[in-house]
1. For the chain, what's the radius of gyration and Dmax over Cα atoms, in angstrom?
2. Length gain on complete extension for the stretch ASP290 to ASP259, per 0.36 nm per residue less the alpha carbon to alpha carbon distance?
3. Anything in the chain that counts as a DSSP H helix reaching 30 Å or more along its axis (C-alpha) with Kyte-Doolittle mean of at least -1.0? List them, would you?
4. Taking only the Cα atoms of region 282-322, how large is their convex hull per residue, in Å³?
5. Hey, what did region 216-328 get for relative contact order, percent, Cα under 8 Å, at least 6 apart?
6. So how long is each side of region 159-272 along the principal axes, counting just the alpha-carbon atoms, biggest first, in Å?
7. Express as a percent, rounded to the nearest 5, the fraction of DSSP beta bridges in the chain (both residues included) that run antiparallel.
8. Just report the Cα centroid separation between region 23-89 and region 256-304, whole Å.
Amino acid sequence: MESTRAKIINLLSSNQDSYISGQEISNQLQISRSAIWKHIKELEKDGYVIEGIRNRGYRILQSPNKVSENTVQWGLNTNWLGKSIIHKESTTSTQHIAHDLATNHADHGTVVIADEQTAGKGRLSRAWYSSKNKGIWMSIILRPSIPPYLAPQLTLLTATVLADVLKKELKLNPKIKWPNDILLQDKKTSGILTEMQAEQDRIQYVVIGIGINVNHEPDDLAEDIQSKATSLKIETGKSWNMTELIQQILLYFEKTYEDFLDKGFSVIKEKWESYGYRIGEVTSIKTFHDVQRAVLTGIAEDGALLAKYEDGTIKKVYSGEIDWFGNT
Ligand code: BTN
């Protein structure tokens, strides 16, 4: 159930430039005007700046840039995703917390967020730098009823969600580098780590870890990744409100996930390919014996990347084999 405070935020955010009178809030939410005033004072404690003018009403001047369970939940317009949010100022990895919660029966759609991770995990046992208050470090618990071998589709789905938010909400031009890197101007700004607990033919749960470099200055990026990583701030020259960004990601995720369950992978595949880095282009692909030229044509149902060789054969290829940035 949406809390009264969430309803007030929703009402005020839907009319951003105009005031809503206390009477109208009171009518819509069926609470007294003094109760509204008390809720507004609580919201202000969480960092909202709300202007209240006699005979006109209230409007939000500023939303907090402080991520917390409350700030993410207030104004979150999802039906099931993020109904339970766990926020930590510092933790080893949100993946660890999500696995613990999922093993202890946490609901489908539970979200774990941290301001900082001291042992952030990337793919292939790499470390993921997660400096304090600079980025979004978040894990989503899902309990999908799909067979385990299709779980990679969820990684591709998540990549399209992030690309959509960056394109549609932030007006950027993201690319997805197979399987899961979100690039801006050829540099990585976000990564996805999907982990699951499954039996032979049934998924118990999946944890989707999302890391986004948001408000990093160049010096905030670890030295060894500075040449290949970037942040939203570096690319746009401005700071972003992480609470709003998280809310948008969760909203797009819920919608895309429901579409996927309704209509299948084809919707995701098409979208993924439209964002796919170097899709339709010739690259060099290293095999055991030699290097061959091939066009990256798209992705397969199992999430593999497809390449068409000069002799017309189409094969699945893996990231390590592709010369992504070389001149072909
Ligand atoms: C990659 O590109 O290698 C994947 C990076 C995934 C990082 C995120 S941050 C939130 C979640 N917690 C982790 O420890 N890792 C993922």
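1. 21.8, 79
2. On the way: separation 31, 0.36 × 31 = 11.16 nm, distance 4.14 nm.
Stretched out fully, the ASP290 to ASP259 stretch lengthens by 7.0 nm.
3. Long hydrophobic helices here: 242-263.
4. Cα-based convex hull of region 282-322, divided per residue, equals 65 Å³.
5. Taking the mean separation of contacting Cα pairs over the length of region 216-328, I get 15 percent.
6. 46, 28, 25
7. Bridges in the chain are about 85 percent antiparallel.
8. Using only Cα atoms to place each centre, the spacing works out to 42 Å.
The values are calculated or read from the model by the stated rules, or taken from the named source; none is laboratory data. Note that this is a predicted model, so its numbers are computed, not measured. All Cβ positions, even for glycine, are placed from backbone atoms using ideal geometry, and neighbour counts span all protein chains on display. Side chains are part of the model used for accessible areas, which takes the heavy atoms of the whole protein and leaves out ligands, DNA and RNA. Shrake-Rupley method; radii C 1.70, N 1.55, O 1.52, S 1.80 Å.
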